[in-house]
1. Write down the accessible area per residue of the range 24-117 in Å², having rolled a 1.4 Å probe over the full set of protein chains.
2. Determine ³J(HN,Hα), in whole Hz, for all residues of the range 124-140 in sequence, where each value follows from phi through the Karplus function 6.51 cos²θ - 1.76 cosθ + 1.60 and θ = phi - 60°; x replaces Gly and Pro.
3. Under 15 Å from the 7 Å Cα→Cβ point of residue 176, by amide nitrogen: which residues of the range 8-33?
4. Roughly how many percent of the accessible protein surface of the chain is carbon and sulfur, given a 1.4 Å probe and a whole-percent answer?
5. Multiply the residue separation of residue 16 and residue 75 by 0.36 nm, subtract the distance between their alpha-carbon atoms, and state the gained length in nm to one decimal.
6. Which value, to two decimals, describes the C-alpha radius of gyration of the chain once divided by 2.2 N^0.38 Å?
7. Rg (Å, one decimal) plus Dmax (Å, integer) for the alpha carbons of the range 83-151?
8. Any chance you could look up the accessible area of residue 109 with a 1.4 Å probe, heavy atoms only, rounded to 10 Å²?
Amino acid sequence: MANTDAPRGFWPVRHLTGGTIRASEYTIASAYATAIFMGDMVKLVAGGGIEIAAAGARVIGVFQGVEYTNPAGDVVFSNNWPAGQAGTNIKAVVYDDPNIVFGVQSAGSTVAADVGNLGDHVNTAGSTSTGQSNQELNGTTSTAYAGFRVLGKIGAPDNDWGTNVNLEVQVYEHEFGASLEATTPGV
């Protein structure tokens, strides 16, 4: 059976050590010009804020939502940050623990032999109507440096190896992880 092509970004699945999955708060610069959607990978920037993470960038974690005060003085709770939004008291919720295992759909064909390999995410804009991310894992994996390690496929009856498989991944190039420059993936 073919897997459904339904990218929805990254979502927490489990904790590697059996711990509790917790989120942390960060800020977003007022009027930051790029939208961030629930499930998007984000990176840490100067001053402790976050921005959308490009493929290949070290990431801090997965954006889950935001609370802020808009220019009219209303407190807004949202699962996405609209591009160019002005605001104060900005509190972005991010799953930032490097031991969280995330689910993500593959943008191509991923097979069991890809377990242990590395791949980057595909940074596709999310839905402004639902606030949901459309990020996926690049369907091409290898042992070369990349953002995520494939741990396996999510166990579900309608999820088969191949195109658009939902995978379990761990952030390999995590901001809180050890320096990767002097190491070899898989060693």
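The values are calculated or read from the model by the stated rules, or taken from the named source; none is laboratory data. What you are looking at is a predicted structure, and each value in this text was computed from that prediction instead of being measured. Every residue, glycine as well, gets a Cβ built from its backbone with ideal geometry; the counts of neighbours run over all protein chains shown. Protein only, heavy atoms only, side chains kept; ligands, DNA and RNA dropped before computing areas. Shrake-Rupley method; radii C 1.70, N 1.55, O 1.52, S 1.80 Å.
1. Ligands and nucleic acids excluded, the figure is 39 Å² per residue.
2. Karplus-based 3J(HN,Hα) across the range 124-140 equals 9, 4, x, 8, 6, 7, 9, x, 8, 5, 10, 5, 9, 8, 4, x, 9 Hz.
3. 12-27
4. Numbers: 4490 of 8540 Å².
Carbon plus sulfur share of accessible area: 53 percent.
5. That pair, residue 16 and residue 75, stretches by 17.7 nm at full extension.
6. The chain yields a ratio of 1.03.
7. 15.1, 47
8. 60 Å²
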